[in-house]
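Engineer: Encoded as structure tokens, here's the structure I'll be asking about.
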Amino acid sequence: MKIIQQFVQALIGIVKLRKAEQYEEAEKEIQTASRFYLKINPELLMMGSEEWLLDQIDEVERRMIAADLLYEQGLIQEGKRNNGSSFFKRALTLYEAAGQLGEPKVEEVRAKLEAT
């Protein structure tokens with residue numbers, strides 16, 4: 001449980017940086033979180049296919065962490081005036097695989113995908 005609490009604090013930091021439009025710093029924090037909490041190279045998290053992510057990340061908690069990081073990366077891309085849909089799509093796949101259907105965050109991600 002402690003690791004989840006630590007991740008929540010890291011995620012709060014990422015959100016604050018993103019909202020302050022400090023996108024590069026937020027991305028660095030996402031990279032750090034990927035290495036520390038997922039033990040995955042951040043480039044693989046950002047570029048991996050949905051199938052690869054599901055194969056590599058098979059625990060519910062880790063899928064949730066990866067989905068949260070991908071969702072934040074998608075929001076950062078939108079803040080930079082880029083398309084974040086590929087990040088939202090992979091985040092949604094991981095949320096669904098973690099059994100989070102119907103959760104507010106999942107519906108938020110689904111709405112983002114429909115808007116793009």
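What follows draws every value from the coordinates through simple rules; no lab data is involved. The shown structure was predicted, so the numbers you read here are calculated from the model rather than taken from an experiment. As a convention, Cβ positions derive from the backbone with ideal geometry for all residues, glycine included, and neighbour counts pool all protein chains shown.
Engineer: For region 69-85: of the residues being touching a Leu at 6+ places or on another chain (Cβ under 9 Å) and more than 21 Å from ARG35 (Cβ to Cβ), which is surrounded by the fewest Cβ atoms within 10 Å (Cβ to Cβ)?
Structural biologist: SER85
Engineer: Return the pair list, or none, for Cβ contacts closer than 8 Å from residues in region 82-109 that are within 17 Å of TRP52 (Cβ to Cβ) to residues that are polar (S, T, N, Q) and surrounded by 14 or more Cβ atoms within 10 Å (Cβ to Cβ), at least 6 apart or on different chains.
Structural biologist: Close Cβ pairs satisfying both conditions: PHE87/GLN73; PHE87/GLN77.
Engineer: Can I ask one more? Which one of LYS2, LYS39 is on the phi > 0 side of the Ramachandran plot and not aromatic (Phe, Trp, Tyr)?
Structural biologist: Residue meeting the stated conditions: LYS39.
Engineer: Here is a further query. Give ALA66, ALA33 a once-over and let me know the one that is within 11 Å of the chain's Cα centre (by Cα), among the hydrophobic types (A, V, I, L, M, F, W, C), crowded, with 21+ Cβ neighbours inside 10 Å and under 15 Å from ALA97 (Cα atoms).
Structural biologist: ALA66
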